[in-house]
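Chemist: This is the structure, below, for whatever I ask next.
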Protein chains: 2
Amino acid sequence: LLFIGEALNATRKRVAEAVLAHDEEFIAGLAQAQVESGANYLDVNAAASNNDEVSDLVWMVKVVQGVVDVPLCIDSASPKAIQAACEVHRGVPMINSISGEPMKFNALLPLVTKVKGKVIALCIGETGIPKTAQGRLEVARGLVERLEGAGVEREDIYVDPIVLSVATEHGAATVTLETITLIKRDLPGVNTILAVSNVGFGIPERALLNNAMATLALHAGIDAFLADVRGKGLIAHAMAAKLLLGQDPFCGKYLKTYRAGKLM
Amino acid sequence: LLFIGEALNATRKRVAEAVLAHDEEFIAGLAQAQVESGANYLDVNAAASNNDEVSDLVWMVKVVQGVVDVPLCIDSASPKAIQAACEVHRGVPMINSISGEPMKFNALLPLVTKVKGKVIALCIGETGIPKTAQGRLEVARGLVERLEGAGVEREDIYVDPIVLSVATEHGAATVTLETITLIKRDLPGVNTILAVSNVGFGIPERALLNNAMATLALHAGIDAFLADVRGKGLIAHAMAAKLLLGQDPFCGKYLKTYRAGKLM
């Protein structure tokens, strides 16, 4: 189970300011705080300005890898920025993200095959996000086939079933959970990832929804979370869920984390 | 979804002391705190001494119903104490509990049919707690058949699938979740209840396990929890889970509880 810290994202105002000012201390601190909370990867998004994203993302990768050892999840809508960031990244990065939208797919595929990293594949097809789990599965199947056809290893593909907010869409969480179940059943060996924070967008006490959604997603078979891992109990609830699901023999990981003072 | 507050139980030292001293203030306060936290029922167990359980339970029922309006879940190993408590109880009580152990079943059946209340039926058969979900389902089926045969309404039966601690039994939670799923599928109309706190016995940060177990049990179809409802986030996590499972249209109950300042 992977936890990818989502905090270093320039869609957040404070991060955008730090990117524009090249505030190394802030970025480094945010990186360290997430790793200390248990993040195995850190997402990095530096899209704070129209002109400088390529150099800003390269800068961010260097700053973050200067203070933490975890690999990064390179997050950009710009293939050029992703390419430049992958070139300076030490170790094997994750690319965030490819999808079934033809322009996006075609622009990123050569890079994905060249980097030989992991890649997040969103269940977004040519006409958008399918309403049904079966529809999302078919998008996933098409993406996996084309990625594998281009030489990407199946276990390096992390399919994101997409979750919208339950505030606007009554069945938003259930369709996502069903999609995870279908992907794990019909595309064995493919990994799944969930950007869990989306589910509670616009709803108070979002951490509650994140925790419950993480628990349900683990039951469905999720392999990774893109989430805010800092002090909101997400990792703790996920570890509790793994224990309940019989996936933590002798409570080993749960107790080890507790004894290290890192559970809550 | 029912929440049955479990705190008024004389197996807890402080409650036993209050029962022995007939400390009305303590018992009344604990009753009120649970109802304020969202309990729909309160479990009452007064087994603090060998000789006076009958009169102590009658006293407890009167004290509790003197300060709160919710019905009670009459909890005793003594049919005599249950009978006496039901006689003074205002409204329709729940009886905790009957099981497939022949002596217990035969002793309590006449009382259950006479009281016409709700009844908790434990998945414990003649030879104990079955290891498998299928085994527990068969115990449940036998209990439901005999209770219905004696005139008990199906919707008044709350089957408890039993959960042991995951500390001692690796698959303790999964067998329980599977049992709930089977009961809801094969015995439609029968209700299910989970004494959720057992799952984390002997493990630190039990509230985490309670919350995650409640979420998973709701996914499996649980109808009621016997739990500590006071300030540990259980009700909040359960409401979040209901929202995610598409069972709270327009976030109605979740937002209403939040606005009343009672979510967390």
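Chemist: Of the residues B:Ile183, B:Ile162, B:Ile235, which single one is open to solvent by 10 Å² or more (accessible area, probe 1.4 Å), touching a Ser or Thr at 6+ places or on another chain (Cβ under 9 Å) and farther than 30 Å from A:Ser197 by Cβ?
Modeler: Exactly one residue qualifies, and that residue is B:Ile162.
Chemist: Of all residues being of a type in the set (Asp, Glu) and under 21 Å from the mean Cα position of the chain (by Cα) in the range B:1-55, which is farthest from B:Cys86 (Cα to Cα)? Just the residue, please.
Modeler: B:Glu36
Chemist: Name, by its number, the condition in (1) out of contact with any Ser or Thr (no Cβ under 9 Å at 6 or more places or on another chain); (2) modelled with pLDDT of 95 or more; (3) in a helix (DSSP H, G or I) that does not hold for A:Gln134.
Modeler: Looking at each condition in turn, A:Gln134 falls short on (1).
Chemist: Still on this model: Quick one: would you say A:Ala217 is crowded, with 21+ Cβ neighbours inside 10 Å, out of contact with any Cys (no Cβ under 6 Å at 6 or more places or on another chain) and without any contact (Cβ under 8 Å) to a residue 60 or more places away in the chain?
Modeler: In short, yes.
Chemist: Please work out which residue is nearest to B:Tyr41 (Cα to Cα), limiting yourself to the range B:126-141 and to residues that are in contact (Cβ under 8 Å) with a residue 12 or more places away in the chain, in contact with a strand residue (DSSP E or B) (Cβ under 8 Å, 6 or more places away or on another chain) and open to solvent by less than 30 Å² (accessible area, probe 1.4 Å).
Modeler: Residue satisfying both the conditions and the ranking: B:Ala140.
Chemist: Then there's this: For the range B:221-232, does any single residue satisfy the condition of being touching a residue at least 40 places away in the same chain (Cβ under 8 Å), out of contact with any His (no Cβ under 9 Å at 6 or more places or on another chain), crowded, with 24+ Cβ neighbours inside 10 Å and within 12 Å of chain A (Cβ to nearest Cβ)?
Modeler: no
Chemist: With B:Val112, B:Val159, B:Val139, B:Val144 as the choices, which residue is more than 14 Å from every other protein chain (Cβ to nearest Cβ), more than 21 Å from B:Ala220 (Cα to Cα) and either part of a helix (DSSP H, G or I) or hydrophobic (A, V, I, L, M, F, W, C) (or both)?
Modeler: So the residue among B:Val112, B:Val159, B:Val139, B:Val144 that is more than 14 Å from every other protein chain (Cβ to nearest Cβ), more than 21 Å from B:Ala220 (Cα to Cα) and either part of a helix (DSSP H, G or I) or hydrophobic (A, V, I, L, M, F, W, C) (or both) is B:Val112.
Chemist: Restricting attention to the range B:59-71, does a residue exist that is of a type outside the set (Phe, Trp, Tyr) and modelled with pLDDT under 95?
Modeler: No, there is no match, as no residue in the range B:59-71 is of a type outside the set (Phe, Trp, Tyr) and modelled with pLDDT under 95.
Chemist: Among the residues of the range B:191-205, how many are within 12 Å of chain A (Cβ to nearest Cβ), crowded, with 21+ Cβ neighbours inside 10 Å and among the β-branched types (Val, Ile, Thr)?
Modeler: 2
Chemist: Would you pick out the residues in the range B:7-33 that are in a helix (DSSP H, G or I) and either closer than 13 Å to B:Ala77 by Cα or touching a Phe, Trp or Tyr at 6+ places or on another chain (Cβ under 9 Å) (or both)?
Modeler: B:Arg14, B:Val15, B:Glu17, B:Ala18, B:Val19, B:Glu24, B:Ile27
Chemist: Separate question: Within the range B:249-264, which residues are open to solvent by 100 Å² or more (accessible area, probe 1.4 Å) and at the interface with another protein chain (Cβ under 9 Å from one of its Cβ atoms)?
Modeler: Of everything in the range B:249-264, those that are open to solvent by 100 Å² or more (accessible area, probe 1.4 Å) and at the interface with another protein chain (Cβ under 9 Å from one of its Cβ atoms) turn out to be B:Phe250, B:Arg259, B:Met264.
Chemist: Considering only the range B:10-37, how many residues are in contact with a helix residue (DSSP H, G or I) (Cβ under 6 Å, 6 or more places away or on another chain), within 30 Å of B:Tyr258 (Cα to Cα) and open to solvent by less than 30 Å² (accessible area, probe 1.4 Å)?
Modeler: Looking only at that region, the number is 3.
Chemist: Kindly indicate whether A:Thr174 is within 23 Å of A:Lys256 (Cβ to Cβ), facing chain B (nearest Cβ under 7 Å) and of a type in the set (Val, Ile, Thr).
Modeler: no
Chemist: Which condition number does B:Gly246 fail, the rest of (1) facing another protein chain (nearest Cβ under 9 Å); (2) open to solvent by 10 Å² or more (accessible area, probe 1.4 Å); (3) part of a helix (DSSP H, G or I); (4) not aromatic (Phe, Trp, Tyr) being met?
Modeler: (3)
Chemist: Turning to a different aspect of this structure: With respect to A:Leu208, determine if the residue is more than 9 Å from chain B (Cβ to nearest Cβ), part of a helix (DSSP H, G or I) and not small (Gly, Ala, Ser).
Modeler: no
Chemist: On the basis of being in contact with a helix residue (DSSP H, G or I) (Cβ under 8 Å, 6 or more places away or on another chain), open to solvent by less than 20 Å² (accessible area, probe 1.4 Å) and under 30 Å from A:Ile129 (Cα atoms), does A:Ser76 make the cut?
Modeler: Spelling it out, A:Ser76 is indeed in contact with a helix residue (DSSP H, G or I) (Cβ under 8 Å, 6 or more places away or on another chain), open to solvent by less than 20 Å² (accessible area, probe 1.4 Å) and under 30 Å from A:Ile129 (Cα atoms).
The values are calculated or read from the model by the stated rules, or taken from the named source; none is laboratory data. This structure is a prediction, so every number in the text was calculated from the model and none was measured. Cβ sites come from the backbone with ideal geometry, for glycine too, and all protein chains shown count toward neighbours. Side chains included, ligands, DNA and RNA excluded: accessible areas come from the protein's heavy atoms. Shrake-Rupley method; radii C 1.70, N 1.55, O 1.52, S 1.80 Å.
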